[in-house]
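Contents: one structure, followed by commentary.
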Amino acid sequence: MKRIGICVLGMLLCHAAAMGQGYIGVFSDPQGTSCEFVEAYPGVMQVYIVHVDVPESIGSQFMVYESAEFTGVYLGEELGTGGIKSGNAPTGVSFGYGVCLSSPIHILTISYYVDGTSDPCSYLEIVPDPHAQNGEINTVDCDFETVILEVGGRGNFNVSAADPCDCSDPFALLPTEATTWSRVKAMYRD
């Protein structure tokens with residue numbers, strides 16, 4: 001029983017450490033406070049990529065995935081923090097911020113042409129850069145250590161009371177597996 005308690009405590013501490021690095025999300029404002037978008041009329045829409053809930057960071061690597069139901073057309077992107085970048089958001093991008101920054105870190109502003117036809121709850125999501133050697137969403141802390149982010153944030157389009165979809169907690173999007181306490185105990189039997 002003592003071993004199970006230690007294992008559970010260890011898992012919680014590891015999860016807390018991972019959460020301490022925050023996440024990179026898709027937002028409708030450069031401060032990273034709202035992840036919902038409304039395509040009210042045809043035109044250019046700004047999408048902000050922001051690293052939130054992070055103590056300090058000097059770089060990141062990720063890709064912005066467009067769901068099939070999102071009909072916006074990528075027009076281009078601009079750095080939000082300064083620094084340098086390699087690649088672009090739709091195919092995979094790496095950033096060096098130039099200095100050590102604390103959150104919220106406005107990494108990138110992406111412009112899309114939207115015409116109001118995206119399905120409710122269509123989305124843009126931060127996913128691993130396909131060129132990342134470890135296949136993960138990466139950031140670099142101010143001690144030059146690579147930090148793997150557990151999850152990327154999502155920005156939802158055309159959310160309404162009739163079509164609710166929540167993007168405010170990216171950790172809620174993590175897959176889970178139903179189990180019983182007996183199965184958990186069986187994993188640690190001698």
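Between rounded, prolate and oblate, where does region 23-162 land on the alpha carbon gyration tensor, with a ≥ b ≥ c its root eigenvalues, rounded for a/c under 1.5, else prolate if a/b exceeds b/c? It is prolate, given that a/c is not under 1.5 and a/b is the larger ratio. As a rough guide to protection, the peptides 143-149, 91-97 ranked by mean Cβ packing within 10 Å, highest first, stand as 91-97, 143-149.
Ranking 54, 155, 91 by how far each Cα lies toward the positive end of the dipole of region 23-162 (charges on Cβ) leaves 91 at the top. Near the amide H of residue 39, within less than 5 Å, lie the amide hydrogens of 158, all on another chain or at least 5 residues away, with H placed in the peptide plane. Taking amide hydrogens as placed 1.01 Å from N in the peptide plane, the amide H of residue 147 sits under 5 Å from those of 139, 140, 141, each at least 5 positions away in sequence or on another chain. Arranged from fewest to most other beta-carbon atoms within 10 Å of their beta carbon, 51, 106 become 106, 51. Residues whose amide H falls under 5 Å from that of residue 92, counting only those 5 or more places apart or on a different chain, are 64, with hydrogens built in the peptide plane. Label-to-label distance for residue 46 and residue 145 is 3.5 nm, based on points extended 7 Å past Cα in the beta-carbon direction.
Computed from the coordinates by the stated procedures, all read-outs in this text should not be read as laboratory data. Quick caveat: nothing in here was measured; it's all calculated off a predicted structure. Cβ coordinates were reconstructed from backbone atoms using ideal geometry, including for glycine residues, and neighbour counts include every protein chain displayed.
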